[in-house]
1. Select the strands (runs of 3 or more DSSP E) contained entirely in the stretch 509-621, then report the ones holding at least 3 residues which are buried (at least 20 other Cβ atoms within 10 Å of the Cβ) and modelled with pLDDT of 95 or more.
2. Do the conditions hold for SER201, that is, is it part of a loop (DSSP other than H, G, I, E, B), assigned by TED's automatic domain parsing to the domain that holds GLU148 and within 28 Å of the chain's Cα centre (by Cα)?
3. For the subset of the stretch 398-424 comprising residues that are surrounded by fewer than 21 Cβ atoms within 10 Å (Cβ to Cβ) and over 24 Å from the mean Cα position of the chain (by Cα), which member is farthest from ALA547 (Cα to Cα)?
4. Is at least one residue of the stretch 537-559 small (Gly, Ala, Ser), closer than 27 Å to SER419 by Cα and assigned by TED's automatic domain parsing to the domain that holds PHE498?
5. Which condition number in (1) farther than 30 Å from ALA283 by Cβ; (2) touching a strand residue (DSSP E or B) at 6+ places or on another chain (Cβ under 9 Å); (3) not in a loop (DSSP other than H, G, I, E, B) is the one that TYR171 fails?
6. Hey, among the residues in the stretch 238-251 that are surrounded by 22 or more Cβ atoms within 10 Å (Cβ to Cβ) and in a loop (DSSP other than H, G, I, E, B), which one's farthest from the chain's Cα centre (by Cα)?
7. With the structure loaded, tell me whether SER302 is among the small types (Gly, Ala, Ser) and in contact (Cβ under 8 Å) with a residue 40 or more places away in the chain or whether it fails that test.
8. Does ILE346 fit the bill of being in contact with a Leu (Cβ under 7 Å, 6 or more places away or on another chain) and of a type in the set (Val, Ile, Thr)?
Amino acid sequence: MFKRTVFILFLIGIILIIMTVFTKSFDLVFPSEEFIYELKTSPVSAVTYLPEADSRRLQLDKKSIAIYSVAEETSMLERIFKTAGLPYRICHSLDELKNAPILFLDLSMNRPVTLNDKQLKQLYRFVAQGGILIGNDVLATRYGALKELFGYRNYQPTRAHKQLLLKNSSYFSYLDQPEERKYQLSGISQAPYTNSIELGSAKAIANYEDGSTAISLNHYKKGEALLLGISLFDLRYRNLFSKDYNANRQYANGYEPLSDMIVFLLKGIYTKKLKQSLMLNTAKGANHATVIITHDVDYEFSIQNIETFVALEEKQSIKSTYTIQTKYIKDYKDNPFFKPDTLHYILDAQAKGFEIASHTVVHTENFFTLSKGDCNEQYPLYRPFSMSENEDSGSATLCGEIKVSKSLLLGSGIKEVVSFRSGHLYYNPSLPQVLEKTGYRFSSCFSAEDVLSYFPYRYVYDYKHLSHESKIWEFPLTFEDEAFPPLCFRVDDALSLFKKLYNRGGVFTLLVHPDLAYLRLKNLDIDFQEKFIEALNDDVWIDTMKAVGTYWDQRDRLVFRYNIAHKKLHLKIYSPVVMQDVSFLLNGLSLRVDTESASIKDDLLIVNVKKGINNWEFELY
């Protein structure tokens, strides 16, 4: 009896201990009312986007690349030419090829394409008369009707190729770095479909690792025909949404520009064909590259350090973007830090011209799998919280993380919130739709190596089917502070990577968390940033995600045409908005400028663009 009583008392003691621990864990997990303070929220409305430019208003087409595509949706194809800054026009018929120096032929469909006799004659005639023809998915042409034009005998589809190797060719003049000559197509057992081209009269200018031909070039009478053995879908499109075959060798901080290869191949073809030409610059004004500095404020003791980074950036006359986690609930991960007595750090940064952006509410590890929600979520009824590092509760939704964080920032006095970054740089299939619905314009939810690109691009609206582009611009993260060794030891690494992007006009997006903790020498991150900025060239544009994103959005809608005749350059631009400091790269051109709306700086022509049609005429010398 005594033993049984002792045993029962022992069990009761164990149960009381478990209940005590369980109760304490609930104190951590569930929000305490003292942190649910009264804060006026602001409504979130959709953004009115700029209209698309109408290229039909401009008639100068002798320097424009013609694009003929059988696809119903061409926006992602056009994105390549827009990023490259090349003048182009969509041809709905091959009858429109007149005057075009280059034709991009896109026959990408889920079935073989049949070209009629008239179309075949037009293509052969175009190349024979001196044009350059670039073929995407041409191998799917029924009956091999273009074999003689492209100079191939046959082809072999396979999923065995995992590397793409460029050979020496004048078309690859923009691809001279080691990382730009050898690309990885897959990092797993599977690989995308590729085609090994069996050569006839053509020669190989790129191979796969087994030596078979990946890209061929055929001289046909006065012109040339270049054939891609790998589809743009696998070369670029799928990569931009992390649907590649783990082609990147590391997550961030390196240079693997597979998705950008076609951009620079086209630029090389264009400048070889047109010895005197213009290309729209990727940076604003007299700059050759762009830097965006971002700070993710997602830790209790980070928010007070905003003023330290703001002071440094004001000293260096630059502006950055602060993405704020609006954490108002105490949970497993952290104490709430978005509260009345910390808001002044954010508001002071805004008052000094810095951008304030959203970084979610709960910073969840499960962002990819969050349900979409209905966007009726609102504070304080929306109460997501973390029960552990990887487990959330409280019905977190994508709409809630995006909309509620924005409404809290607006309600606290932030004037505008148009940029977003998810926790841990995670994506969600419904992200573009929700960002559009809640009035965002820009996002940074991928690393550059994850998407294998170092330029901003628009999300696709339907991630599952890679359909038409959305209105949201993604700015891939280039260099970040969480890798080893600490940032203070990686100044040279950052500058080395930046130089590669500088040479290509890329956008270098930097992330520095403002926690300044002594752990992992984070307290020296401020020194890293100071040294990095001081070492940059003078012709580098450093600005916020909003400022750079606004420029790229406007640049995207600008259409330009030009012609060179009688020792004069005639330039026409159509823009739906006023744009300052639009610049063009001069290739083989020396101009005299005698107008206040234009200037020359080194190899750049810089113009101020009014809304509507703009005309300039410059004398060549």
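1. Values: elements: 540-543, 559-565, 568-575, 579-587, 598-601, 604-609, 612-620.
Because the criterion is at least 3 residues that are buried (at least 20 other Cβ atoms within 10 Å of the Cβ) and modelled with pLDDT of 95 or more, the strands (runs of 3 or more DSSP E) in the stretch 509-621 that meet it are 540-543, 559-565, 568-575, 579-587, 604-609.
2. Working: part of a loop (DSSP other than H, G, I, E, B): yes; assigned by TED's automatic domain parsing to the domain that holds GLU148: yes; within 28 Å of the chain's Cα centre (by Cα): no.
So SER201 does not fit the description; no.
3. So, considering only residues that are surrounded by fewer than 21 Cβ atoms within 10 Å (Cβ to Cβ) and over 24 Å from the mean Cα position of the chain (by Cα), the one farthest from ALA547 (Cα to Cα) is GLY411.
4. The initial filter retains those residues of the stretch 537-559 that are small (Gly, Ala, Ser), namely 547, 549.
With the extra rule that they be closer than 27 Å to SER419 by Cα, the set shrinks to 547, 549.
Filter again for assigned by TED's automatic domain parsing to the domain that holds PHE498, leaving 547, 549.
The answer is yes; a qualifying residue exists.
5. So the condition that TYR171 fails would be (1).
6. Going residue by residue through the stretch 238-251, those that are surrounded by 22 or more Cβ atoms within 10 Å (Cβ to Cβ) are 239-240, 244, 247.
So of that shortlist, the ones also in a loop (DSSP other than H, G, I, E, B) come out as 244, 247.
Numbers: ASP244: 15, ALA247: 17 Å.
By that ranking, first place goes to ALA247.
7. Values: among the small types (Gly, Ala, Ser): yes; in contact (Cβ under 8 Å) with a residue 40 or more places away in the chain: yes.
Criteria met by SER302.
8. Working: in contact with a Leu (Cβ under 7 Å, 6 or more places away or on another chain): no; of a type in the set (Val, Ile, Thr): yes.
Taking the combined requirement at face value, the residue does not satisfy it.
The values are calculated or read from the model by the stated rules, or taken from the named source; none is laboratory data. Given the structure is predicted, the values throughout are model-derived calculations rather than measurements. All Cβ positions, even for glycine, are placed from backbone atoms using ideal geometry, and neighbour counts span all protein chains on display.
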